[in-house]
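One structure is given below, encoded as structure tokens.
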Amino acid sequence: MAIYDPSKRPSDAYDTHTHLNEDEFLEDVPAYWARAREYRIMEMNVVGYNHIGNARAVEMAHELEGVHAIVGFQPEDVREFNEQELAILRDQLNDDKVVGLGEMGLDYHWDENPSVEVQKAAFGAQLDLARETNKPVTVHSRDAFDDVYEMLKAHHVEEFGGVMHSFTGGPEEVQRFLDLGMYIGFSGMVTFKKSDDIKAALQVVPLDRIVVETDAPFLAPTPMRGKMNEPMFTHYTLENMAEQLGMSYNELAQITTENAHRLWLER
Ligand code: NI
């Protein structure tokens with residue numbers, strides 16, 4: 001992989017999914033934000049996952065330039081989700097700094113997660129809210145592509161749009177979500193040696209549907225794999241993806257930033 005050279009004046013990039021609202025970052029959020037900007041990662045979506053994570057995301061979006069908030073309940077936290085929390089989400093969506101709903105979805109990987117019924121009810125309620133407010137959704141799917149697809153389709157995601165975040169499937173799976181009008185978010189996983197499926201999926205996604213993300217503090221890209229991820233590392237993933245696609249870092253940074261603007265900001 002080519003070594004990143006800041007003197008090349010890289011194009012601005014957008015980390016479309018990061019969790020500066022996680023405990024790992026809290027002591028030093030402005031420092032992580034500033035470090036990202038040194039590498040021209042000029043915008044990021046701080047993505048919520050439960051009551052506290054959502055509140056922190058909204059606060060950060062008000063405090064830091066280029067930061068946008070996304071609010072929602074992720075599968076593992078939907079036991080806390082109820083009518084009152086739904087009303088809070090609806091309220092938060094009135095805030096200009098809140099650009100979407102998520103993360104939300106289905107996760108069948110962990111036995112200790114809430115039941116399928118509980119997960120589907122919370123996912124469905126959030127999809128309905130997205131349709132009502134015309135906000136794009138950030139979708140988490142683990143070991144659940146078939147059910148996630150059926151729910152997105154049944155809830156008319158093509159009307160309000162969204163992203164399959166940190167996509168982990170192959171070309172056939174990705175095609176189904178593209179057919180629903182979804183964008184595809186690629187995380188550091190696309191840089192891993194053994195991610196043949198994800199690399200093959202990247203090759204079939206139209207350029208105007210690709211966005212990049214860190215999902216920090218998780219899933220640090222090569223060559224930082226195993227370290228704590230942070231928004232600055234977006235540049236490693238972008239560089240690796242650009243190489244896979246046979247284009248320059250700057251071209252892909254521009255394209256993915258435009259895509260993110262179209263999905264979350266220019267609606
Ligand atoms: Ni996430």
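Couple of notes before you dig in:
- Test for Ala200: is it of a type in the set (A, V, I, L, M), closer than 30 Å to Lys120 by Cα and assigned to a helix (DSSP H, G or I): yes
- Any hit, the stretch 22-31, residues being closer than 22 Å to Val139 by Cα, within 12 Å of the ligand (Cβ to nearest atom) and open to solvent by less than 30 Å² (accessible area, probe 1.4 Å): no
- Residues in the stretch 56-82 that are part of a loop (DSSP other than H, G, I, E, B) and surrounded by fewer than 21 Cβ atoms within 10 Å (Cβ to Cβ): Leu64, Glu65, Gly66, Asn82.
- Residues in the stretch 193-204 that are more than 16 Å from the chain's Cα centre (by Cα) and open to solvent by less than 10 Å² (accessible area, probe 1.4 Å): Ala201 alone.
- Of all the residues in the stretch 215-238, those that are modelled with pLDDT under 95 and either basic (Lys, Arg) or open to solvent by less than 20 Å² (accessible area, probe 1.4 Å) (or both) number 1.
- For Leu263, the conditions (1) touching a Gly at 6+ places or on another chain (Cβ under 8 Å); (2) closer than 21 Å to Gly48 by Cβ; (3) within 15 Å of the ligand (Cβ to nearest atom) are fulfilled apart from (3).
- Qualifying residue in the stretch 181-192 (condition: part of a loop (DSSP other than H, G, I, E, B), open to solvent by 10 Å² or more (accessible area, probe 1.4 Å), touching a strand residue (DSSP E or B) at 6+ places or on another chain (Cβ under 9 Å) and within 27 Å of Arg267 (Cβ to Cβ)): yes
- Residues in the stretch 151-176 that are within 16 Å of the ligand (Cβ to nearest atom) and without any contact (Cβ under 8 Å) to a residue 60 or more places away in the chain were compared, and the one that is surrounded by the most Cβ atoms within 10 Å (Cβ to Cβ) is Met164.
- So Asp208, is it open to solvent by 50 Å² or more (accessible area, probe 1.4 Å), closer than 16 Å to Trp264 by Cβ, out of contact with any strand residue (DSSP E or B) (no Cβ under 7 Å at 6 or more places or on another chain) and touching a residue at least 12 places away in the same chain (Cβ under 8 Å): yes
- When each of Asp179, Asp107, Asp128 is tested for being free of Cβ contacts under 8 Å to residues at least 24 places away in the same chain and of a type in the set (D, E, K, R), the lone residue that passes is Asp179.
- The set of residues from the stretch 79-112 being of a type in the set (Gly, Ala, Ser) and under 14 Å from Ala69 (Cβ atoms) comprises Gly100, Gly102.
- Just one of the numbered conditions (1) crowded, with 16+ Cβ neighbours inside 10 Å; (2) within 26 Å of Glu251 (Cα to Cα) is not true of Arg9: (1).
The values are calculated or read from the model by the stated rules, or taken from the named source; none is laboratory data. Small disclaimer: the values here were computed from a predicted structure and weren't measured. Don't worry about glycine lacking a Cβ; one is built from the backbone with ideal geometry, like all the others, and counts go over all protein chains shown. With ligands, DNA and RNA removed, areas are computed over all heavy atoms of the protein, side chains included. Shrake-Rupley method; radii C 1.70, N 1.55, O 1.52, S 1.80 Å.
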